[in-house]
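Step one of this worksheet: look at the structure below.
The values are calculated or read from the model by the stated rules, or taken from the named source; none is laboratory data. Keep in mind it's a predicted model, so treat the numbers as computed, not measured. Reconstructed Cβ throughout: ideal geometry from the backbone, glycine too, with neighbour counts over all protein chains shown. Quick note on the areas: whole protein, heavy atoms, side chains included, nothing else; ligands and nucleic acids left out. Shrake-Rupley method; radii C 1.70, N 1.55, O 1.52, S 1.80 Å.
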Amino acid sequence: MSATTEASMSSDRAATTFPDDLPIDPPMVDLPIDTHDRGFYDGFSREVTIPAKIIVTLIILWALFSAASETIFGASAEDVFGASAEQALAAANASIISQFSGWYVYLVAGLVVVSLALALTPKVGSLRMGAPGEKPEFSRFSWFAMLFGAGIGIGMLTFSTGEPLAHFVTNPDVIAGKVEAQSAENVRPAYLYTFLHWGFGAWCTYALVGLGIGYVAHRRGLPLTIRSALAPLFGRYMSGFFGHAVDVVAVVATILGVAYTMSLGVQQFVAGLFRLTGSEWLMDGDAASNSAVVIALIALVGASTLSALSGVGRGIKWLSNINMTLSFALLALFALVGSGFYALQLLGVGIWDYIVNLPRLSLSLFSRDGSEAGDALVDWQLGWSVSYWAWWIAFSPFVGMFIARISRGRTIREYILGVAMVPSLMCFVWMALAGGTAIDLELSGAAEGAIVNAAMADQLYATLAFMLSPEVMVVVSALVVVLLMTYLVTSADSAILIINTINGAGEDEGSRKYHILFWGLALAFIVGSMLVVGGVEAIRITMIIGALPFSFVLVLMCVAIVKAVWFDIIRKRHGVPTTAQACEDWDGKVTPAE
């Protein structure tokens, strides 16, 4: 008997216990998803797994074919096909970003409002992602460590110095002529825009995706997969084609979002090895050489695949704890040896500016007015804010699924405030300590432009070089390289686990060895081939393209979770069960709330 048939019969038996005159129906506590019961795809939904593998494989082949065309045909891809992969990506990026910039800006602003409203509404915030009184699976320290490590740890190491320095050079205030570039007066605007990009916009997006999935999975017993989050809106229609399509879109978006994050980490990882060894073959100008990228990917993806085989409770949990410990050690170093007092001032003023200006900045959309400054403002927003919102949306199926997986037993209030505020604050601290030290070294004249003019992947190491003696700098740079390695492994193995969970109709146990190997290799090939085609920018553009379909799914998820919690409040008021266990144990009588 197939998994779908068994689930449907179970659902029919449960439905017969409910009287016909209820003031409101109990929630749907079963979503049958057809999974194969033998062979290579045993336990997997072939309607999701096979299309997702085909799409990802085609992306890899297209990138590899474009990169190898000069060798194969003796001509460039542009000569053979009329346009290179890099040019095709750039054209698609320009079209999508310009046409949907307002969509991304207003969507992320709406997600922040909905998330905070759910957390701060008393009756909603007290609802639990699980049975009433259920205890969380992981301690708060491990929970926060996994949130941060799988969510954005790699990007933090790259952008902790890179983003404040970039906005120190140019930002909307500089473009509008309000402050001078690379001046003391420009530090405050630089941090305002840095905090905007790494604050609630990112983490409320992740929180809503995770809540939409985790609420119906842990409370109602639905499969832990993306399509389940839409069940409150579409019911059993999510068992069929529509549900398969949603999960396929989520898998592709996850691969592309994680690939972009890993590409940043690999570049910085190789840059760190170059700082430590001085081996010139590692670098090709300011970027990592192709051979170095290939070797690094083989080592890192191999380690992440082994970790993924051990599951979330072992490899991922312990690596996340190591990440958090090493991160605190590096932060302590910046606080004690770097510009700690200056960074503390930046942190306080930056958070104040961020909170005060958040509504205005979240809804600001620049438009071209024919002036040079107007065009520059639009280009800045498209290249920074809109690209970030697309990145967070592309990354949200992975991070949201992972957060949902590790958040069982927490109330909606604890969950949203924990996911939105703690990682945001950690990002702000990182930016203030690392970026503030780099800016202070530039303002004082000690760096003489060596930090701000370095490649973004090397700016953290350049800052350490001016902070520390050569001997200590080598040790600390080695610490950064190790931290990058653990973050890369954690992100990759978490992504592989989540992809297999989606493909497996919410199940993350059982024989997944060959599928884990496939997705590990696919991730490595996506990163490697795209870096060869057009560097990190090519992966960023591909990720933005992949984010667009999921952005529409995200809107539906937002509506679905609001409906789910609102109807559960009504059910509790009328004494109708709201959890899978309560529905199973119910005697058919309307009683006081659970």
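Observations on the model:
- Only DSSP H runs of four or more residues enter the estimate; each adds -39500 (n - 2.57), and after division by the residues of the chain the mean residue ellipticity at 222 nm equals -24500 deg cm²/dmol.
- Taking the longest Cα principal axis of the chain as reference, the axis of helix 241-277 is set at about 30 degrees.
- Convex hull per residue volume in Å³, alpha carbons only, for the chain: 153
- Computed on protein heavy atoms with a 1.4 Å probe, the accessible areas place LEU58, LEU347 in the order LEU58, LEU347, largest first.
- The chain - accessible surface per residue (Å², probe 1.4 Å): 38
- Put a plus charge on the Cβ of each Lys and Arg, a minus charge on the Cβ of each Asp and Glu, and nothing anywhere else: the dipole of the chain about its Cα centre is then about 1660 debye.
- Cα long-axis angle, helix 153-169 against the chain (0 to 90 degrees, to the nearest 10): 50
- Largest to smallest in accessible area, the residues LEU417, LEU346, LEU120, LEU425 fall in the order LEU120, LEU425, LEU417, LEU346 (1.4 Å probe, all protein chains included).
- For the chain, the longest principal axis of the Cα atoms and the long axis of helix 85-120 meet at an angle of about 60 degrees.
- In Å², nearest 10: area of ARG275 left accessible to a 1.4 Å probe: 90
- Surface accessible to a 1.4 Å probe, PHE466 within the full protein complex, Å²: 90
- Amide H contacts of GLU137: ARG408, each under 5 Å away and 5 or more positions distant or on a separate chain (H built 1.01 Å from N in the peptide plane; Pro and chain starts excluded).
- GLU163 sits with roughly 0 Å² accessible to a 1.4 Å probe, with DNA, RNA and ligands left out of the calculation.
- Accessible surface of the chain, 1.4 Å probe, proportion on carbon and sulfur as whole %: 63
- Share of alpha-carbon pairs per 5 Å distance bin for the range 436-594, given as whole %: 2, 7, 8, 10, 11, 11, 11, 10, 9, 8, 6, 4, 3, 2, 1, 0
- Loop sites in the range 146-226: trypsin sites (Lys or Arg not before Pro), DSSP, at most 12 other Cβ within 10 Å: LYS178
- Alpha-carbon Rg/Rh ratio, for the range 134-241, with Rh computed the Kirkwood way: 1.18
- Of the residues MET485, SER469, LEU441, the one whose Cα sits farthest towards the positive end of the charge dipole of the range 431-542 is MET485 (charges of +1 on Lys and Arg Cβ, -1 on Asp and Glu Cβ, taken about the Cα centre).
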